[in-house]
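K.L.:
There's a structure below that I have some questions on.
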Amino acid sequence: MQASFAGRREREVAAELAELLRRFGHEQVDFTVVGSGPNGANPHHEAGDRVIERGDTVVLDFG
């Protein structure tokens, strides 16, 4: 999948990720971690209102 994260909030990306997981066969989504920029260094970051900027590293973890 190709997706642009720049200009979107971490929370929005997390919600879309959870929706995609369900659409493609997951019955349950327990967590979606989306950490961008400085938040990417926190392994248990709660996706928030930070707007992802062009050039940010974005860390995704989900299960």
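K.L.:
Run the helix sum for the chain: -39,500 (n - 2.57) per DSSP H stretch of 4+ residues, divided by residue count, reported at 222 nm to the nearest 500 deg cm²/dmol.
P.N.:
-7000 deg cm²/dmol
K.L.:
Once you keep just the Cα pairs under 8 angstrom separated by 6 or more residues, what percentage relative contact order results for the chain? Can you show the working numbers first?
P.N.:
Working: 95 pairs, mean separation 26.3, N = 63.
Here the relative contact order equals 42 percent.
K.L.:
Once you mark the GluC sites (Glu not before Pro) that are in a DSSP loop and have at most 14 other Cβ atoms within 10 Å, what is the longest gap between them in the chain?
P.N.:
Details: sites that count: Glu27, Glu46, Glu53.
That gives 1-26 as the longest site-free run.
K.L.:
Full-extension gain between His26 and Thr57, please, as 0.36 nm times their residue separation minus the C-alpha to C-alpha distance. Could you put the intermediate results ahead of the total?
P.N.:
Details: separation 31, 0.36 × 31 = 11.16 nm, distance 2.63 nm.
So the chain would gain 8.5 nm between His26 and Thr57.
K.L.:
With r defined as the distance between the Cβ atoms of Glu19 and His44 and R0 fixed at 25 Å, what FRET efficiency is calculated, to the nearest 0.05? Show your work: numbers first, answer last.
P.N.:
Numbers: r = 22 Å, r/R0 = 0.87.
Efficiency at R0 = 25 Å is approximately 0.70.
K.L.:
With only Lys, Arg, Asp and Glu charged, each at its Cβ (+1 for the first two, -1 for the last two), find how big the charge dipole of the chain is about the Cα centre; round to the nearest 20 debye. Show your work: numbers first, answer last.
P.N.:
On the way: 7 positive and 11 negative charges, 35 e Å.
For the chain, the charge dipole is close to 180 debye.
K.L.:
Of (i) 20, 13, 9; (ii) 58, 15, 4; (iii) 29, 11, 9, which one was derived for semi-axes √(5λ) of the Cα gyration tensor in Å from the structure shown?
P.N.:
(i)
Throughout, read-outs are computed from the coordinates displayed, never taken from laboratory work. Remember, predicted model here, so these are calculated numbers, not experimental data. When we count neighbours, we look across all protein chains shown, and the Cβ atoms used for this are built from the backbone with ideal geometry, even at glycine.
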